[in-house]
Amino acid sequence: MRLCPALAVVALVATPASADPLPRPVAAALAAINEAGLRADLTFLASDALRGRMSLEPGDDAAIAWIAAEFAKAGLQPAAIDADGMPSYLQAVPLIEYIGDGRTSFIALGDRRFAPPSYTGGYRDDVDLTAPLVFAGYGITVPGLDYDDYRGIDARGKIALVFDHEPQEDDPASRFNGAGNTRHATARVKALNAQAHGALAVIVLPEPNRKHLSNAERSRRIGGSITRTPPLPLQARADDELHIPVLTLTDPVTKAIFAAAGMDAGALQAAIDRDLAPRGAALATAPLHLHIENALRRRGISYNVVALLPGSDPLLKNETLILSGHHDHDGSSQNGAQIWHGADDNASGTVGVVALARTFAAMPVRPRRSILFSVFAAEERGLLGAYEMAAHPLRPLVTTRAMINFDMIGRNEAPSPQTDGLIAIPADTTNRLNLIGAPYSPDFNAAIASANKDVGLVLDDRFDRDNVLNVFFRSDQFPFVLHDVPAFWFFTGFHPDYHHETDTADKINYAKMARILRLSGTTLWQLGNAATVPAFVPNPRPDGGAAQPIGRPQ
């Protein structure tokens, strides 16, 4: 969150390269985190009894109740307020669950009609609209990079067509963070931008000149619950800021639409990538008819489970560090024969947050800044709990100094159909932890590296340079990055059991998980007491330079 001009004094500061040693009781408490306790908690959360913890289903409700009970037993303060105005460990996340009706939904251009799976996506409400088409490049507007795909076009009352990803993504020297993704490359950010420009709907196009799989192609390679029959229901926040539909086309439909307009999508992409000049234009075609019907639609409430450890300093306790994970997974089949246990994804992260919450609550000393422990709802349905908290924060985001998010911190990374041929996986990952987020806060990255000196994990930042797997957007730190909060995702990597029934508790590397928690606890303690706080870099440069860093009030 950018500071207003009235805040003349800001902290454009770096975390010291070497932090003070941990106080003896803090070091002893972190060292006492043990594999047996982690195994017991994780085995419960990933058990058959919780039926895969699907959002809005009883198994996930049981996980929510367990987390809240553990926070209460640890003596942490409730961080939310319930409907009656009373302190609560539960922040409500009102949801709408829906399943699109593929038999009756379609898009049509003139006399050509396309039905699923020639496009993917849906919307929480039934929709029937007909509107002209406008091409808006990559759908990105970034004043700080002097880039605006909407320059010179009028999207009001139209359906916006935008390329997936972002320009020059294979150019290490691109102003868009080199070959790594920036926060502007994801469909949600593009859709919000289109909505702000008056568009009625957004259609995402796979890049015609891409050198990688489309997002839909990559997702299908995962298999497991991603391709289960019947498909998983979709969910959306009931009060989501985004209130226009978003669909994604396949290559053949993209070609058909641009051919009808007498335009070459590949040539347009090449021109934008060449000089980063806008190439937006109205399409000289018939209006597009978009018709979406849902076969199922219901409302429900899930919960972020939240607890606070107040800081010890009278002033700095008003500042916040967040430690987070998510409690939901992909549930079970209708007959119960299949259970997607979600041991690594994300019972591991949930157990990690709970373990550190207990550890900090039991310490005889506290950090100067406060720590908010949050286990989010409905991550698998689109980071919905995290987006809810980012929209309705329990603590001010402008004084939120850093966030560590745990999502899959329990396994050794290994090749899988999703990653084969797309990324290189080191031969030995038994002690390796992927860190995602350094371009947006090199200061925070330095603090983690400093804390790791006494832990000894191998820290890997290659996913910060990835534009193939869309990793940067895929976990709960991302909604907070959109609000300029320095945030890292701690992630041990993909493996063949990802989103499969075989993601079970017996395959967790509990020794590595314990080391990750010690690193996280050390980092939180040091940031909780540091004289300076990490700055946020809104538009990271490929050379690592801190372009326009944002400080925070002290």
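Bear in mind these aren't lab numbers, they're just calculated from the coordinates by the rules spelled out. What you see is a predicted model; the values in this text were computed from it and never measured. A quick note on method: Cβ atoms are made from the backbone with ideal geometry, for glycine too, and the neighbour counts reach across all protein chains shown.
Over every pair of different alpha-carbon atoms in segment 102-292, take the mean of 1/r and invert it; report that Kirkwood radius in Å.
17.1 Å
Residue farthest toward the positive end of the dipole of the chain, with Cβ of Lys/Arg at +1 and Asp/Glu at -1: which of THR523, PHE494, PRO538?
THR523
Helix 510-529 against the longest principal axis of the chain: what's the angle in degrees, Cα atoms only, rounded to the nearest 10?
It works out to around 80 degrees.
Please report the relative contact order for segment 102-292, taking Cα pairs under 8 Å with a sequence separation of at least 6, and give it as a percent rounded to a whole number.
Numbers: 345 pairs, mean separation 68.9, N = 191.
Relative contact order for segment 102-292 comes out at 36 percent.
What lysines does LYS453 reach when the alpha-carbon gap must be under 26 Å and sequence neighbours fewer than 8 apart in one chain are set aside?
Within the straight-line cut-off, LYS453 pairs with LYS512.
Among DSSP beta bridges lying fully in the chain, give the percent that are antiparallel, nearest 5. Could you put the intermediate results ahead of the total?
Values: 50 of 81 bridges.
Beta bridges within the chain, antiparallel portion: roughly 60 percent.
Mind giving me the FRET efficiency for ALA282 and ASP111? R0 is 25 Å, r the Cβ-Cβ distance, nearest 0.05 is fine.
Working: r = 21 Å, r/R0 = 0.83.
About 0.75, to the nearest 0.05.
Given points 7 Å out from each Cα along the Cα-Cβ axis, report the LYS73 to ASN318 separation in nanometres with one decimal.
Here the answer is 3.6 nm between the modelled labels.
For segment 26-162, what proportion of DSSP beta bridges, expressed in % and rounded to the nearest 5, is antiparallel?
Working: 7 of 10 bridges.
Bridges in segment 26-162 are about 70 percent antiparallel.
Give the peptides 479-489, 494-504 in descending order of average Cβ contacts within 10 Å, highest first.
Most protected by this proxy first, the peptides run 479-489, 494-504.
Sort 176-188, 388-400 for me by packing, meaning the mean count of neighbouring Cβ atoms within 10 Å per residue, highest on top.
On the way: 176-188: 22.6, 388-400: 18.2.
Ranked from most to least packed, the peptides come out as 176-188, 388-400.
Can you tell me the orientation of helix 265-275 relative to the chain, as the angle in degrees between its alpha-carbon axis and the longest Cα principal axis, to the nearest 10?
So the helix axis and the longest Cα principal axis differ by about 60 degrees.
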